[in-house]
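Throughout, read-outs are computed from the coordinates displayed, never taken from laboratory work. A quick note: this is a predicted structure, and the numbers were derived from the prediction, not measured. So basically every Cβ, Gly included, is an ideal-geometry build from the backbone, and we count neighbours across all protein chains shown.
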Ligand code: LIP
């Protein structure tokens, strides 16, 4: 099946902007909130509506393409990653932020062909930050090229850590352990509350390294291509190659920085998607 990547990019950019308009209009209003796997794993009507809008329009334009969507998966649609052209979608990454009116929210969309990421979009409509990447063509913020910081030294690095969307004991203990080990070493730590925005911060050189366990393909699919196209690395937190279904991700400005932090990380292996 031949895929017109320019057309895919053009279509998805317009849809992401349309979805962004809905998110921007509603972020400071009252939402209908439901919980999923945990009392802190949230979904709103906006997550569901934006995902449905994106998938129905992409399907109308590209009937042969497949989809992996956060809210479709939550509704029981199997999460299958194949060689087929596939859109991997998180309609609102940072739902907890969206619920509270904290402006770190984005739509994250990756497009893969033969399991290779070709297009990445991470769009924060509240702060009007449109991060884009095409394979082999670099990464951009609002149309201008962006690059990772180039930092190699962990002591000088700004590290992003997240607690995730579960209070599950093993995961919480592991988060605290990593925080305790790494905070005294690095320059500083941050949490933006959105995996895709965290990765965009590494891509634009505002942060140097970020890892998280328990996130999903829709959280890091787009960020993976964005960070690599910005000159950084995206690997498994054990040091091996990234696996998009493994729910484990580490991205860094340089391989030297990634290799310095990997042996210091306490690892967990969540069930695969
Ligand atoms: C969330 C992430 C956040 C991460 C959570 C969760 P959601 O996505 O972006 O960074 O810590 O585990 O995956 O649920 O807001 O789309």
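In the distance distribution for region 81-128, Cα-Cα pairs more than 15 Å apart total 49 percent. Residues 68, 89, arranged from fewest to most other Cβ atoms within 10 angstrom of their Cβ, appear as 68, 89. The packing ranking of peptides 136-144, 160-168, highest mean first, is 160-168, 136-144, where packing means the average number of other beta carbon atoms within 10 angstrom of each residue. Between residue 137 and residue 243, the contour length at 0.36 nm per residue exceeds the alpha carbon distance by 35.9 nm. Our note on the geometry: Cα centres of region 200-232 and region 120-196, 6 Å apart. Which FRET efficiency, nearest 0.05, do residue 53 and residue 183 yield, Cβ-Cβ r, R0 45 Å? Efficiency, rounded to the nearest 0.05: 0.65.
The protection proxy used here, the mean number of other Cβ atoms lying within 10 Å of each residue, ranks peptides 226-234, 32-40, 238-246 as follows, highest first: 226-234, 238-246, 32-40. Would you please give the FRET efficiency between residue 259 and residue 176, computed as 1/(1 + (r/R0)^6) with r the Cβ-Cβ distance and R0 = 25 Å, to the nearest 0.05? With a Förster radius of 25 Å, E is 0.55. Annotation: region 1-109 has a Kirkwood hydrodynamic radius of 14.6 angstrom, from the mean reciprocal C-alpha pair distance. Taking square-rooted eigenvalues a ≥ b ≥ c of the alpha carbon gyration tensor, is region 115-265 rounded, prolate or oblate, where a/c under 1.5 means rounded and, failing that, a/b exceeding b/c means prolate? Judged from the Cα gyration tensor, region 115-265 comes out prolate (a/c at least 1.5, a/b above b/c). When 98, 176 are sorted by how many other C-beta atoms sit within 10 angstrom of their C-beta, beginning with the fewest, the order is 176, 98. Listing 212, 45 from fewest to most neighbouring C-beta atoms within 10 Å gives 45, 212.
Once you have a ≥ b ≥ c as the square roots of the Cα gyration tensor eigenvalues for region 201-273, tell me rounded if a/c is under 1.5, and otherwise prolate or oblate according to whether a/b is larger than b/c.
oblate
Extension gain for residue 11-residue 74 works out to 20.1 nm (0.36 nm per residue, less the C-alpha to C-alpha distance). What is the antiparallel percent of DSSP beta bridges lying wholly in the chain, to the nearest 5? Rounded to the nearest five, the antiparallel share is 80 percent.
Shape class of region 37-99 from the alpha-carbon gyration tensor: prolate, with a/c at 1.5 or above and a/b greater than b/c. Label separation (residue 21 vs residue 60): 1.4 nm, computed from points 7 Å beyond Cα along the C-beta direction. From the P(r) of the chain, can you give the percent of Cα pairs sitting at distances over 26 Å? Considering the chain, 37 percent of its Cα-Cα pairs are separated by more than 26 Å.
Label-to-label distance for residue 153 and residue 167 is 4.1 nm, based on points extended 7 Å past Cα in the beta-carbon direction.
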